[in-house]
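The values are calculated or read from the model by the stated rules, or taken from the named source; none is laboratory data. Here the structure is a predicted model, which means the values were calculated and not measured. Protein only, heavy atoms only, side chains kept; ligands, DNA and RNA dropped before computing areas. Shrake-Rupley method; radii C 1.70, N 1.55, O 1.52, S 1.80 Å.
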Amino acid sequence: MVRIIRSVIVVCCLFISLQAFMLWTATGRKALTRFPTEELTQQADSGLSDLFSDTGLNDDLGEVQKLDNRFTFGLLPSPAANAEAVSLMTVAGPALLVALLAIQPIGWSKRKSHHKNDSE
Amino acid sequence: MHFNSRLIMAAALSLLIASTASAQYGNRNKKKHKGPPPAPQGFVQHAESGKSLLVPKDQASLGTVFHALADRDTQMHFVSKAPVETIEGNSNRTIGYAVVRADDRLIAGEWHLPVNSIDTGNKTRNKHLTKREWLNAKKNPYIIFKILEVKDQKLAKEGEGFKTYSATLVGEFTIHGVTNKKTIPNATLSFRTQSASTEKVAQGDLLAIRAKYSVLLSDYKVEHPVISKKKKFANEVKIDTSLVLSTVAPEKQG
């Protein structure tokens, strides 16, 4: 029974880690987590620079670059107490740690306590 | 008696908590009502609205004044390509002006970009950029560019209602409180006269200024271990600017 529970824990933890890795990859493998903002949406919709589209303003220099306004799941946590602190490392890290603890030999903790009692 | 003293203690404690909370709330409200910080000494001061600069009379008398239209399109985009990471950011809160002679010659101008308006897409990183070790927004709240001279202004394209010129801008860049002379070649200036189609978006005759250049942070004494040791932020920052200005001040735009 214990073995089944341990196996379930390991499988679940690996699934969590794998999904976190997939999310990080799917959102561009960025270093930090970020969320779309309303300000950036407004900047994209203003239409002011469109008035110069036929004037040759951007012929040599190209269109002005814009910041991607989308969600990215980062590799590392931002050092802040907000949603940007959630990252691949903070999700997959603890999950892998739990999986690692779950796959340790069953008798390990018992042997350790026996050894402690013997030495006393 | 014992119960009474406990009651008094509890009442005193709750009063203390309430007064601390209300003091903090008051401070927070005070901070909210505080306007944008004033421009540093030696530079053109901001209008009360915070949306434009108070153009010096001696400059305004030289030609037509165009005011930057902030809070609309992206005005500045930067890229820092470091070995470890590429960081991008932008801002659309640059205020300022340009003075243009009747023959379309750009003869004066100054623009102020609030440091705390730089958006890198990550709020925590935005805050870090304003800190003392980086751009020190408290002491130097603005990145400032002041035109000293415009060289080689040549007509590049002309059409119905517009004229476009290429030019080299020579000016003074002030970042982190340090001022350096800067020459920006291959800048583009486009003038568009007011029409039914432009009126829908902005009032007045319009001027767009487009330029690409790079700055070395070390030239402006921005030296952080993240740049020199960790290589997470490049010393060379590439900047792409696109300013749209109007003869009608932002305060009078619809």
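With the cut-off at 33 Å, report for the protein assembly as shown the share of all Cα pairs above it, as a whole percent.
47 percent
I'd like the residues of segment B:74-113 whose 1.4 Å-probe accessible area shrinks by no less than 10 Å² going from the isolated chain to the full set of protein chains.
B:Thr74, B:His77, B:Val79, B:Glu85, B:Glu88, B:Asn90, B:Asn92
Can you tell me the equivalent ellipsoid semi-axes for segment A:1-107? Use √(5λ) from the Cα gyration tensor, largest first, whole Å.
Working: eigenvalues 431, 31, 21 Å².
Ellipsoid semi-axes (Å, largest first): 46, 12, 10.
Going by alpha carbons, how many degrees (0 to 90, nearest 10) lie between the helix axis of A:2-26 and the longest principal axis of chain A?
Approximately 20 degrees, to the nearest ten.
Which one, A:Val64, A:Val11, A:Val98, has the greatest fluctuation when you compute a Gaussian network model over chain A with C-alpha springs under 10 angstrom?
Among A:Val64, A:Val11, A:Val98, the largest mean-square fluctuation in the Gaussian network model of chain A belongs to A:Val64.
Can you give me the long-range amide H partners of B:Ser214? Hydrogens built in the peptide plane at 1.01 Å from N, cutoff under 5 Å, separation of 5 or more residues or another chain.
B:Ile239
Over chain A, with a Gaussian network built from C-alpha contacts below 10 Å, which listed residue (A:Asp54, A:Asp45, A:Asp68) shows the highest mean-square fluctuation?
For chain A, modelled as a Gaussian network with Cα springs under 10 Å, the answer is A:Asp54.
Summing -39500 (n - 2.57) over the DSSP H runs of n ≥ 4 in chain A and dividing by its residue number, what mean residue ellipticity at 222 nm do you reach, to the nearest 500 deg cm²/dmol?
Calculated mean residue ellipticity at 222 nm is -16500 deg cm²/dmol.
Give me the accessible area buried between chains B and A, both sides summed, with a 1.4 Å probe, in Å² rounded to the nearest 100.
Approximately 3100 Å² gets buried when B meets A.
What does the accessible area per residue of segment B:40-252 come to in Å², with a 1.4 Å probe and no ligands, DNA or RNA counted? Mind dumping the intermediate values first?
On the way: 9940 Å² over 213 residues.
For segment B:40-252, the per-residue accessible area is 47 Å².
Ignoring ligands, DNA and RNA, please state the percent of accessible area on the protein assembly as shown from carbon and sulfur, probe 1.4 Å.
Answer for the protein assembly as shown is 58 percent, counting heavy atoms of protein chains only.
In a Gaussian network model over chain A where Cα atoms closer than 10 Å are linked, find which of A:Thr41, A:Thr27, A:Thr55 has the largest mean-square fluctuation.
Looking only at A:Thr41, A:Thr27, A:Thr55, the largest GNM fluctuation is found for A:Thr55.
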